[in-house]
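Peer 1: Dropping a structure here in structure tokens format, bear with me for questions.
The values are calculated or read from the model by the stated rules, or taken from the named source; none is laboratory data. Remember, predicted model here, so these are calculated numbers, not experimental data. Positions of Cβ are generated from backbone atoms using ideal geometry, with glycine treated the same way; all protein chains shown enter the neighbour counts.
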Amino acid sequence: MRFRKPTRPSGRSEDSRRGSYTVTIRFYEELNYFLPESKQKQSFEAPLYPGQSVKDLIESLNVPHVEVDLILVNGVSVDFSFQPSPGDYISVYPVFESLNIENVTRLRPFPLRTPAFALDVHLGKLARYLRLLGFRAEYRKNWDDADLVSYGVDNLLIVLTRDRGLLKRKVLDRGMFVFSTDPEEQLREICRRLDLYSLVRPYSRCLSCGGKLTVLEYGSVEFDSVKDKIPPGVISWCREYSLCTGCGKLFWKGSHIRNLDRIIRLIQADSLL
Ligand SMILES: [Zn+2]
């Protein structure tokens, strides 16, 4: 479909025209969390400035563009650079995991939510929990915002943050705002929003570095080469060990496992809801 160019009244200055146009816009699903209550789950009028892209329009309403996966203008999918016309009806959708949108154009050439993540410095515990479930979760204590964004973009990772401003960076096209402040709730939130349940592989990654774990066969040559690292009080009873292929750390199921098992059970219970 061809779209209409905004008709611009003649003889008026740019400033006098600003805000004189409106579009009708509606946000769907979780995108409503970014809106004030009066604008949630309903159509509302929003000011449109001459030449404004739909991406800028969406962000002027406080919704980070990285949360958006599909925009329809008068029922036709458009990309972020599209310039709406006054009176247009705009529908804005978050990422779909189950809805069939094969016949429309997503904003990116491939799905946004490949479940691999880069996390900001405040989300260290969430990074460990995501690794516990088997997901790639990159996290460095010394990353500043620019490091995080460039690492995320270069490696096609979803940047997780509680900083909305960071999600508005133009270069970023994969990102999610984390609503909760509690690490366990954050984990549940990410799993729910991205429907990650079928991809969960508990204890397949190192909690420290995120490297993949390999099972060490008790008594094997590989096991013998590291067994002097195991405390005598552990080797006397424990027969199951894993080795991190990233940092070389050795893991066994000690007393700390109870809390980790509890978190995994929590996620498994959520998947049944
Ligand atoms: Zn490791």
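Peer 1: Taking the stretch 143-168 only, how many residues are among the basic types (Lys, Arg) and within 15 Å of Phe117 (Cβ to Cβ)?
Peer 2: Filtering the stretch 143-168 for residues among the basic types (Lys, Arg) gives 162, 164, 168.
Retained after the next criterion (residues that are within 15 Å of Phe117 (Cβ to Cβ)): 162.
Count: 1.
Peer 1: Which of the residues belonging to the stretch 79-100 are in contact with a strand residue (DSSP E or B) (Cβ under 6 Å, 6 or more places away or on another chain) and either modelled with pLDDT of 90 or more or in a loop (DSSP other than H, G, I, E, B) (or both)? Give the steps one after another, and end with the answer.
Peer 2: Filtering the stretch 79-100 for residues in contact with a strand residue (DSSP E or B) (Cβ under 6 Å, 6 or more places away or on another chain) gives 84, 86, 88-93.
Within the stretch 79-100, Pro84, Pro86, Asp88, Tyr89, Ile90, Ser91, Val92 qualify.
Peer 1: Among the residues of the stretch 193-210, is any more than 30 Å from Leu31 (Cα to Cα), away from the ligand (no atom under 16 Å from the Cβ) and not assigned by TED's automatic domain parsing to the domain that holds Asn62?
Peer 2: No, the stretch 193-210 has no match at all.
Peer 1: Hey, can you tell me all the residues within the stretch 125-148 that are closer than 21 Å to Arg201 by Cβ and not in a loop (DSSP other than H, G, I, E, B)? Before you say what the answer is, go through the steps one by one.
Peer 2: At the first step, the residues of the stretch 125-148 found to be closer than 21 Å to Arg201 by Cβ are 125-139.
Matches in the stretch 125-148: Lys125, Leu126, Ala127, Arg128, Tyr129, Leu130, Arg131, Leu132, Arg136, Ala137, Glu138.
Peer 1: Pull up the stretch 39-78, narrow it to residues that are assigned to a strand (DSSP E or B) and among the β-branched types (Val, Ile, Thr), then point me to the one that is surrounded by the most Cβ atoms within 10 Å (Cβ to Cβ). Break it down stepwise before answering.
Peer 2: If we filter the stretch 39-78 for residues that are assigned to a strand (DSSP E or B), which is where we start, we get 44-48, 70-73, 76-78.
Now narrow it down to the ones that are among the β-branched types (Val, Ile, Thr): 71, 73, 76, 78.
Working: Ile71: 26, Val73: 21, Val76: 13, Val78: 22.
The extreme case among them is Ile71.
Peer 1: Follow-up. Residue check, Cys206 against (1) in contact (Cβ under 8 Å) with a residue 60 or more places away in the chain; (2) among the hydrophobic types (A, V, I, L, M, F, W, C); (3) over 19 Å from Val121 (Cα atoms), all met but one. Which one?
Peer 2: Only one criterion in (1) in contact (Cβ under 8 Å) with a residue 60 or more places away in the chain; (2) among the hydrophobic types (A, V, I, L, M, F, W, C); (3) over 19 Å from Val121 (Cα atoms) is unmet by Cys206, namely (3).
Peer 1: Can you tell me which of Gly219, Gly248 is modelled with pLDDT of 85 or more, at positive phi, within 16 Å of the ligand (Cβ to nearest atom) and out of contact with any helix residue (DSSP H, G or I) (no Cβ under 7 Å at 6 or more places or on another chain)?
Peer 2: Details: Gly219 fails: within 16 Å of the ligand (Cβ to nearest atom).
Going through Gly219, Gly248 in turn, the sole match is Gly248.
Peer 1: Mind telling me which of the residues Val171, Val234 ends up being in a helix (DSSP H, G or I), loosely packed, with under 15 Cβ neighbours inside 10 Å, more than 16 Å from the ligand (Cβ to nearest atom) and touching a residue at least 12 places away in the same chain (Cβ under 8 Å)?
Peer 2: Numbers: Val171 fails: in a helix (DSSP H, G or I).
One residue alone meets the criteria, Val234.
Peer 1: I would also like to ask the following. Only one of these conditions is not met by Thr214: (1) of a type in the set (Ser, Thr, Tyr); (2) away from the ligand (no atom under 16 Å from the Cβ); (3) outside any loop (DSSP other than H, G, I, E, B). Which number is it?
Peer 2: For Thr214, the failing item is (2).
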